[in-house]
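Asks: Right, I'll just put the structure down here and ask away after.
The values are calculated or read from the model by the stated rules, or taken from the named source; none is laboratory data. Given the structure is predicted, the values throughout are model-derived calculations rather than measurements. Glycine also receives a Cβ, built like all others from the backbone with ideal geometry; neighbour counts cover every protein chain displayed. Note: accessible area is taken over every heavy atom of the protein model, side chains too, but ligands, DNA and RNA are not part of it. Shrake-Rupley method; radii C 1.70, N 1.55, O 1.52, S 1.80 Å.
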Amino acid sequence: MQSNSTQVKPVVYQVFTRLFGNTQNNNIPWGTIEQNGVGKFSDFTPQALQSIKALGVSHVWYTGVPHHAVINDYSEYGISNDDPDVVKGRAGSPYAVKDYYSVNPDLADDPAKRLEEFEALIQRTHDQGMKVIIDIVPNHVARDYQSLAKPEGIKDFGEDDNTSVDYAPNNNFYYIPGEDFQVPDLANDIKPLGGEPHPLADGQFFESPAKWTGNGSRLAKPNADDWYETVKVNYGVRPDGSYDFAELSEAYRFKDHAQHAEFWADKTIPDSWLKFEHIVHYWLDKGVDGFRYDMAEMVPVEFWSYLNSSIKVRNPEAFILAEVYNPALYRDYIQLGKMDYLYDKVEFYDNLKWAMQQKQPTDALELIQSNLFDIEQHMLHFLENHDEQRIASPEFAGDASWGKPALVVSALISRSPTMLYFGQDVGEKGEQNAGFGRPSRTSIFDYIGVPAHQRWMNKGKFDGGQSSQQELALGQFYERVMNISAFHPTMTGSYQSLHSYNRWKDSDYGTKEFAFARWTDNHQLFVITSFEPEKNKQFTLHVPPDLIKKMGLEDGDYSLHNLLNDESFILQIAQGTGLVNLTIQAKGSLVLEVHHDD
């Protein structure tokens, strides 16, 4: 489908850049870069990128690119050593950025040329017809932020702050005057570097006065579960929650980017706003095509109006994705904050997860999609990412095949983009005890191997040469579904649920099934999935008269072709009502396209 079609909606491939090309499989907890290995920018060869593109991918999100705190010694390149007492893991959290104008030296073959190597990766990605997304983490920065690569005239975060007060509008950070920072007391089983001796691992980190911690903790000695490796950025929000900047009125909810940019043109802007505007424009000039914003809801909507309108005025095609977990705020961040897409995590993903785990029926999916009808095209769908457990992990479902019906629903139900996480399509289990990162999630804090992905990578051939037959079959299923999602005309067409109607009409259609239709003037799809763990199901799918009319179908028989295999079915329409007699396998899916005789 891909070679002859136009992409109709985005597919994002999230790859943890540090792990993608790593071929070592020692997987020693808290292992060094020499012991456990690390992937490089150069591992994304044309062959690797072609294999990613085969999944229908339009955008590659290279996670962990901005230079964040790491333990590896790069002092010969002028980079200061990071203190293990305020670094999570040995490889460091990608969300503790210490230099926004450079990239992680771990990822370069020659750390002195790390920025040039990333620029070459941007070009290779573009050469394969895909776009590049990187992280921006506006809510917080590394405890020891210091940019070596900042352009002339740019000052570091906090460089001009008045540290004698807890807050000032143009301070970049919040302070606790009169108190020094203290390293938190960690749990007994979590020690910096796993307890290995290190010259800087002494339970001390000098910061005077102490700053507020990234998650908003105002303690000079944050707790172990606080984001103690980071400090919170001040956007002109006073400690009592009131604002030191102009607020948007409701009149701007549906105004365009240019009108938002015009609103801010004559306003006084807090310094942190200006710093992040310069950062994103710097990366746009490098060829980056968009950004994923970490914990966007912890930053005021007005800032996003300012930043995103400036991005879109400069590059109208820029891809802007944000992490917002409060459904009550979705419309504000999309309409006032001018986000393109938000994670549909708290509602759609969570309910799909419970369906896969056999904890809840599929009924809630229908209501969620209905309640989001006005913004559904902005709600990015996913089944895995770096924050979530791997489907195949015992802590989640224990079997990657549970992702198959969930993928069909997630990727095909709406006009929104779909995001895949590397290794998801070959059933990666995330079962390593990596050190700071614990099993069920692929660690973002440690040097580690990703076994199922490594088998598919096949030492750089990217051909699945070491994958099991089960892994290869899963990958082929993902490729087929994702190409429907990316290229089928109905994916930008209309949607109607068939779930409640069939629950009412057919006793054999139950709470573990989920069905819906997608259509345009010339194409019609019926999508049916089963979250039944073991039994094949037989039932009659009922298509209501109002949908038959919307689809422009007339009485008679229509052949249906399953786009996932070679199965065929018949849609029988009599007196304006449709019936399809079908059998669906346990954990199976049918994507039935209506065939029209010429």
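Asks: May I ask you to compute the full-extension gain from Asp508 to Gln538, defined as 0.36 nm times their residue separation minus their alpha-carbon distance, rounded to one decimal in nm? Kindly include the intermediate steps, with their values, before the conclusion.
Replies: Working: separation 30, 0.36 × 30 = 10.80 nm, distance 0.71 nm.
Roughly 10.1 nm would be gained on extension.
Asks: How much accessible surface does Arg390 have with a 1.4 Å probe, in Å² rounded to 10?
Replies: Accessible surface of Arg390 is approximately 0 Å².
Asks: From the C-alpha coordinates alone, can you work out the Kirkwood hydrodynamic radius of region 1-93, in Å? All intermediate terms of the calculation are to be shown ahead of the outcome.
Replies: Values: mean 1/r = 0.0641 Å⁻¹.
Kirkwood radius, region 1-93: 15.6 Å.
Asks: Something else: Report, in debye and to the nearest 20, how large the dipole of the chain comes out about its Cα centre when Lys and Arg carry +1 and Asp and Glu carry -1 on their Cβ.
Replies: Details: 52 positive and 85 negative charges, 204 e Å.
It comes to approximately 980 debye.
Asks: What net charge do the residues around Asn565 carry, taking every other residue with its C-beta under 14 Å from that of Asn565, with Lys and Arg at +1 and Asp and Glu at -1? Mind showing how you got there, number by number?
Replies: Numbers: positive: Lys404, Arg480; negative: Glu479, Asp566, Glu567, Glu593.
In short, -2.
Asks: Here's something else I'd like to know. Region 205-278: D in µm²/s via Stokes-Einstein (Kirkwood Rh, Cα pairs, 10 °C, 1.306 mPa s)?
Replies: 106
Asks: Grab the DSSP H runs of the chain that are 4 residues or longer, score each as -39,500 (n - 2.57), total them, divide by all residues and round the 222 nm result to the nearest 500 deg cm²/dmol.
Replies: Working: 14 runs with 133 residues, N = 598.
Computed mean residue ellipticity for the chain: -6500 deg cm²/dmol.
Asks: Hey, another quick one. Can you bin every Cα-Cα distance in region 193-246 into 10 Å intervals starting at zero and give me the percent of pairs per bin, rounded to whole numbers?
Replies: 20, 41, 27, 9, 4, 0
Asks: Here's another thing I want to ask about it. Would you rank Lys155, Lys461, Lys512 by solvent-accessible area, highest first, keeping every protein chain in place and using a 1.4 Å probe? It would help to have the intermediate numbers written out before the result.
Replies: Numbers: Lys155 95, Lys461 130, Lys512 65 Å².
The most accessible residue leads, giving Lys461, Lys155, Lys512.
Asks: Largest first, please: the extent of the C-alpha atoms of region 58-106 along each principal axis, to the nearest Å.
Replies: 37, 22, 15
Asks: How many angstrom separate the Cα center of region 519-598 from the Cα center of region 415-488?
Replies: 31
Asks: Taking the C-alpha atoms of region 240-320, how large are the radius of gyration and the largest Cα-Cα span, Dmax, in Å?
Replies: 12.7, 40
Asks: How much of the accessible area of the chain, in percent, comes from carbon and sulfur atoms when a 1.4 Å probe is used? Could the numbers behind the result be given before it?
Replies: On the way: 10360 of 22790 Å².
Roughly 45 percent of what the probe reaches on the chain is carbon or sulfur.
Asks: If you rank Glu116, Glu34 by how much accessible surface each has, with a 1.4 Å probe, what is the order from largest down? Could the numbers behind the result be given before it?
Replies: On the way: Glu116 100, Glu34 130 Å².
The ordering from most to least exposed comes out as Glu34, Glu116.
Asks: Quick one: grab the alpha carbon gyration tensor of region 458-522, order the square roots of its eigenvalues as a ≥ b ≥ c, and give me rounded if a/c is under 1.5, else prolate or oblate depending on whether a/b is larger than b/c.
Replies: Numbers: a/c = 5.62, a/b = 1.79, b/c = 3.14.
Since a/c reaches 1.5 but b/c is at least a/b, the shape of region 458-522 is classed as oblate.
Asks: Here is a follow-up. Among Tyr77, His386, Phe539, which residue has its Cα furthest toward the positive end of the charge dipole of the chain, with +1 on Lys/Arg Cβ and -1 on Asp/Glu Cβ?
Replies: The residue sitting most towards the positive pole is Phe539.
Asks: Would you please classify the overall shape of region 125-213 from the alpha carbon gyration tensor, given that a ≥ b ≥ c denote the square roots of the eigenvalues, rounded means a/c under 1.5, and beyond that prolate means a/b larger than b/c while oblate covers the rest? Present the calculation step by step, with values, prior to reporting the outcome.
Replies: Values: a/c = 2.31, a/b = 1.19, b/c = 1.94.
Oblate.
Asks: State the dimensionless ratio Rg/Rh of region 536-598 (Rg: radius of gyration of Cα atoms; Rh: Kirkwood radius). Walk me through the intermediate numbers first.
Replies: Details: Rg = 11.9 Å, Rh = 12.3 Å.
With Rh from the inverse mean 1/r over Cα pairs, Rg/Rh is 0.97.
Asks: Enumerate the aspartates and glutamates that Lys535 could reach by cross-link, defined here as Cα to Cα under 20 Å, with residues fewer than 8 away along the same chain left out.
Replies: Within the straight-line limit of under 20 Å, Lys535 reaches these aspartates and glutamates: Asp363, Asp399, Asp506, Asp508, Glu513, Glu567.
Asks: Additional query: Please name whichever of Ala120, Met298, Leu148 sits farthest to the positive end of the charge dipole of the chain, dipole taken about the Cα centre and charges placed at Cβ: Lys and Arg +1, Asp and Glu -1.
Replies: It is Ala120.
Asks: Bins of 20 Å, beginning at zero and ending with the bin holding the largest distance: percent of Cα pairs per bin for the chain, please.
Replies: 19, 51, 26, 4, 0
Asks: Related question: Keeping every protein chain in place, order Glu593, Glu384, Glu554 by accessible area at 1.4 Å, biggest value first, i.e. largest first.
Replies: Working: Glu593 45, Glu384 5, Glu554 130 Å².
Per-residue accessible area, sorted high to low, gives Glu554, Glu593, Glu384.
Asks: Rounded to the nearest 0.05, what FRET efficiency do Ala120 and Glu196 give with R0 = 35 Å and r taken as the Cβ-Cβ distance? Could you check? All intermediate terms of the calculation are to be shown ahead of the outcome.
Replies: Working: r = 35 Å, r/R0 = 0.99.
The calculated FRET efficiency here is 0.50.
Asks: Another question, then. In nanometres, what is the gap between the two model label sites at Ala258 and Asp387, each 7 Å from Cα along Cα-to-Cβ?
Replies: According to this spin-label approximation, the distance is 3.5 nm.
Asks: Is region 427-560 rounded, prolate or oblate when judged by the Cα gyration tensor, a ≥ b ≥ c being the square roots of its eigenvalues, rounded requiring a/c under 1.5 and prolate requiring a/b larger than b/c?
Replies: On the way: a/c = 2.78, a/b = 2.10, b/c = 1.32.
Cα axes put region 427-560 in the prolate bin.
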